[in-house]
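Colleague: Below are the C-alpha cells for one structure; questions will follow.
Values quoted throughout were computed directly from the atomic coordinates according to the rules given, and no laboratory measurement underlies them. Just so it is clear, the structure is predicted and the values come from calculations on it, not from any experiment. Ideal geometry is used to build each Cβ from the backbone, glycine not excepted, and the neighbour counts take in all protein chains shown.
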Ligand SMILES: [Zn+2]
Ligand SMILES: [Zn+2]
Ligand SMILES: [Zn+2]
Ligand SMILES: [Zn+2]
C-alpha cells in the first residue's frame, strides 16, 4: 500500500501521517501552477511552459525571461518546496530504518531447530550435533551416541544412522560423495558444507573462494542462514571478494535474522565498538538466548566496566539458563561423558 493510499483510507499510522501532510502540502503548492496537468507559466500564466525551476523542480516558465522576472517572487515558495521535499526524504529514511530495526531485532528462530529423534532443541556447539549425509537430518549428540536397535529389539552391531538406518559411510570419501549427491538435490546443509570444503581446501577439494561463495549464497537462499555468516566473514577478510565491512554487516544481519547466534554476537561487537551500547546489548541478549556464551561473557565484562546494569547482567544469565534448560538431557550428558567429541555446552 502506498503512502497516499494510506491517506485516503484515513488509517495511516502517526508516522505515515507526517509524509501524508508533506505530500498534501507539496501537491497543493504545485496545483496552483499546474491546472489539470497543463503546464502553465508561473510568471505570465501562458500554457505550454516547459522551462522548469532547476532548484525546486516544482514550477514552470515559458522561457528564461519569465523565470528571471519571477525569481524574487518565487524565492520563498522555492525554499519551502525544498524544505518540504527534504523533510519528506528524511522521514522516508527514518521509516525505512525503523522497519529494518523492527525486522532485525525480532526474536529469531532457533539456529538448528530440534533433534528429529528426541525432539529437544539442538545445541549450538558443533560437537553437540551430527549432520547425516544419508537422510540430511541433523541429530543430537545424545541420539547419535545411543545404540541403534533393529525391529526385534537387538542392538545393531554395524553403526547405522539412528534416523534412517542407513549404514554409516565407511570412509570420509564415501561421506563427501553422499554430501555431493545431497547438494545436487538441493540440500542446503550439504551445499553449505561443500562451500566450507572449497573455502578450506579440504577432503580433496581444491581451495576456491569464488566457488565457496557461490555455494554459500545458494545455501543461504535455500534457508541455511549460517551460510550468510560465512559470506560476512569473507567480506571482512577479503576472501574471494574485496574487503567491505558494510557488506559483512549486511550478511551478518541476514544470518542473525535467521537465528545464527555468532552473527548476532558479531553485530553486538560492531555496535559496541561504535559506542551504541543499547543496540549492542540488544544483539548480545538475542545471541545469549540462542546459546552464545561469548555474548554472555561480553555482557559480564560490560557489567564489570559499568557499561551494563546489574539487571541486564541478571537477565543475560537467566536467558542463558533458559537455553541450557532447553538443550540439556540425560542422554546427551551420557554421550558427553563417554566421548569428549560429544560435548554439547
Ligand atoms: Zn511566461
Ligand atoms: Zn523553485
Ligand atoms: Zn536427539
Ligand atoms: Zn540417515
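Colleague: Give the relative contact order (percent, whole number) for the chain; include only Cα pairs under 8 Å separated by 6+ residues.
Modeller: On the way: 481 pairs, mean separation 43.8, N = 345.
Across the chain, relative contact order equals 13 percent.
Colleague: Using a Förster distance of 45 Å, how high is the FRET efficiency between residue 47 and residue 92, based on the Cβ-Cβ distance and rounded to 0.05?
Modeller: Values: r = 33 Å, r/R0 = 0.74.
Approximately 0.85, to the nearest 0.05.
Colleague: Between residue 159 and residue 305, what is the label-to-label distance in nm when each label sits 7 Å out along the Cα-to-Cβ direction?
Modeller: According to this spin-label approximation, the distance is 4.3 nm.
Colleague: Let's test the formula: R0 of 25 Å, r as the Cβ-Cβ distance of residue 184 and residue 210. What FRET efficiency results, to the nearest 0.05?
Modeller: Values: r = 19 Å, r/R0 = 0.78.
Efficiency, from the Cβ-Cβ distance: 0.80.
Colleague: Please compute the modelled spin-label separation between residue 152 and residue 127, points set 7 Å along Cα→Cβ, answer in nm with one decimal.
Modeller: Once both label points are built, they end up 3.8 nm from each other.
Colleague: Let me ask you something else. Return the distance in nm (one decimal) between the two label points of a simple spin-label model at residue 80 and residue 203, each offset 7 Å from Cα along Cα→Cβ.
Modeller: With each label placed 7 Å out from Cα toward Cβ, I get 6.9 nm.
Colleague: While we're here: Can you tell me, using C-alpha contacts under 8 Å and at least 6 residues apart, the relative contact order of the range 209-345 as a whole percent?
Modeller: Contact order relative to length: 13 percent.
Colleague: Right, here's the next one. For residue 247 and residue 318, FRET efficiency with R0 = 30 Å and r from the beta-carbon atoms, rounded to 0.05? Let's see the in-between values first.
Modeller: Numbers: r = 35 Å, r/R0 = 1.16.
Working from the Cβ atoms, E equals 0.30.
Colleague: Taking the Cα centroid of the range 317-339 and of the range 137-209, what is the distance between the two, rounded to the nearest whole Å?
Modeller: The range 317-339 and the range 137-209 have Cα centres separated by 24 Å.
Colleague: Then there is this: Ignoring solvent entirely, what values of log10 I(q)/I(0) come out of the Debye formula for the chain at 0.06, 0.10, 0.15 Å⁻¹ when each Cα is a single scatterer?
Modeller: Values returned for q = 0.06, 0.10, 0.15 Å⁻¹ are -0.40, -0.79, -1.24.
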